[in-house]
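Only one structure is covered here, and it is reproduced in the block below.
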Amino acid sequence: MGSKAESWASSEGTRASMRANRPRDTKPELALRRAVHALGLRYNVAARPLPAVRRTADLVFPRIRVAVFLDGCFWHGCPAHHSVAKTNADYWAAKVRRNRERDIETDCLLKEAGWSVIRIWEHEDPAEAAQRVAKIVREIRASQTAGVSPTP
């Protein structure tokens, strides 16, 4: 067979670290899901709110059109906890900028389609974040029951 493909990673250590990053079921995600579930809410996990748009929300309440995204502080540029990469800084700065731009675009696409979007930072307390999710979900359900259309 051919030779091993060149990696964009700056070192073997970086490459190993990147390969170990999980795309879903991270510790913060599991903690949030447990907290939301403990409040009696049921949801879909890692689903596309809009099938035609290649964006996956961490928690999705399809009937009431609520999408919850749990954003990592490094990957999404948290204003409080984002750290600048020491190696390959230009690459990572551009990557985080693109992620933030995609997040804004995702929020706009979902809102235009009638969805409510909840963004949670990975450093937030899962119980508090779950309370925020529950409050919005229950408000939307109540407004639908009352025959009032919710404001996304």
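The values are calculated or read from the model by the stated rules, or taken from the named source; none is laboratory data. In this text, all values refer to a predicted model and were calculated from it rather than measured experimentally. We place every Cβ from the backbone using ideal geometry, glycine too, and count neighbours over all the protein chains shown. Each accessible area value is taken on the protein alone, full model and side chains, heavy atoms only, with ligands, DNA and RNA left out. Shrake-Rupley method; radii C 1.70, N 1.55, O 1.52, S 1.80 Å.
To one decimal place, what Kirkwood hydrodynamic radius in Å is obtained for the stretch 35-111 from all pairs of distinct Cα atoms?
14.1
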Simple SL model, points at 7 angstrom along Cα→Cβ for K86 and A113; separation in nm is 4.2
A chain fully extended from R63 to R102 at 0.36 nm per residue, minus the present Cα-Cα distance, gains in nm 11.6 nm
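Computing the accessible area with a 1.4 Å probe over protein heavy atoms, can you report the carbon and sulfur percentage for the stretch 72-148?
54
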Expressed in angstrom and rounded, the centroid-to-centroid distance over alpha carbons for the stretch 32-75 and the stretch 115-149 is 11
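Express in nm, to one decimal, how much length is gained between R24 and E128 on full extension, taking 0.36 nm for each residue of separation and deducting their alpha carbon distance.
35.4 nm
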For K86, counting only aspartates and glutamates whose alpha-carbon sits under 19 Å away and dropping same-chain residues fewer than eight positions off, the answer is E12
So E12 and A47, fully extended at 0.36 nm per residue minus their Cα-Cα distance, gain in nm 9.4 nm
